[in-house]
Amino acid sequence: MRKIKQIKFWIDGYNEIDKITGELELGFDFVKEGLLSEEELDCIYANSLKLLEELELRNMLRQEEDKLGVVLKINSGAGGTESQDWAQMLMRLYLRWGEKHGYKTSIAQLQEGDDAGIKSVTINIEGDYVYGYLKSENGVHRLVRVSPYNAQGKRMTSFASVFVTPLVDDTIEINITPAMVSWDTFRSGGAGGQNVNKVESGVRLRYNYKDPYTGEEEEILIENTETRDQPKNKENAMRQLKSILYEKELQHRRAELRKIEDGKMKIEWGSQIRSYVFDDRRVKDHRTNYQTSDVNGVMDGDIDDFIKAYLMEFAEE
């Protein structure tokens, strides 16, 4: 059914563009005969261009993992309350983006800030080609604004990192060694009903991972408090573990083919991929140099133009 749906998407997309370009061609004759205004013809042209660009954009997502959903993690940087507030603003941005595109979003883990904002959050966004679009968001995001948390009203710079990995589905086989898995349980915090803070529904998964290529060992730690049902939280945590292991395998595969997303900067402070300057009404991507003055729109999840600019420049790599 998934394969049929994908094939149907391309057939429907082609037919729709074929139809509207046919209307556009006839439109020129209709304008000459006075049956159609130039404004109406301009509207047909704009719609045909939009449909063609959308199909071309989807055609750039050819990697095996592009069609999957994502596990998106946001971590606040140094800077206390200001950076924690910035991390929460980014969380809202991606949740709004997911909602606008009709994707299913859920918060798997949330760590509140000390006074405001959040320290970290893990979001699952499920739908077709979500990873293909959101892989452009991997990196450090910089905020420049007059901080409401600064008594002197000074302009401050804050950072938050966004890390995106594919959300694997049941059709992908990932080998997990049961002996390397251990579980802890804890009481979920935050507002809620009687179950919260009384039943240990939160789960903490520890996995002793050994890289099959390098032999290096590391502990993968995953927490999940998504639901009040402990077995469900365990299931979600295992799914996140599969996503992480899947991403590790993909990294090795890309390395062998020398296709390790060279267009991306490393996720480290000082190498931000995008700057959000509220005072100057400007958001700029430093990899593509695409920028917009619609700061409010971007913070409401309108980041498709940034995604498109990234894919246009780096999709082939």
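The values are calculated or read from the model by the stated rules, or taken from the named source; none is laboratory data. Since this is a predicted model, take the numbers as computed values, not measurements. Neighbour counts run over all protein chains shown; Cβ positions are idealised from the backbone, glycine included.
Only one entry of L68, L93 meets the criterion of being under 12 Å from the mean Cα position of the chain (by Cα), over 30 Å from Y14 (Cα atoms) and not aromatic (F, W, Y), and that entry is L93.
All conditions in (1) touching a His at 6+ places or on another chain (Cβ under 7 Å); (2) without any contact (Cβ under 8 Å) to a residue 24 or more places away in the chain hold for K154, with the sole exception of (1).
Taking the condition of being over 30 Å from F314 (Cβ atoms) and surrounded by 11 or more Cβ atoms within 10 Å (Cβ to Cβ), how many residues in the range 29-62 meet it? Give the derivation first.
Applying the first criterion (over 30 Å from F314 (Cβ atoms)) to the range 29-62 yields 29-44.
Still in the running and surrounded by 11 or more Cβ atoms within 10 Å (Cβ to Cβ): 30-31, 35-37, 40-44.
Total satisfying the criteria: 10.
Determine whether the range 235-254 contains at least one residue that is surrounded by 17 or more Cβ atoms within 10 Å (Cβ to Cβ), modelled with pLDDT of 90 or more and among the charged types (D, E, K, R). No, the conditions are met nowhere in the range 235-254. Summed over the range 38-94, the residues that are in a loop (DSSP other than H, G, I, E, B) and under 24 Å from D18 (Cβ atoms) give a count of 3.
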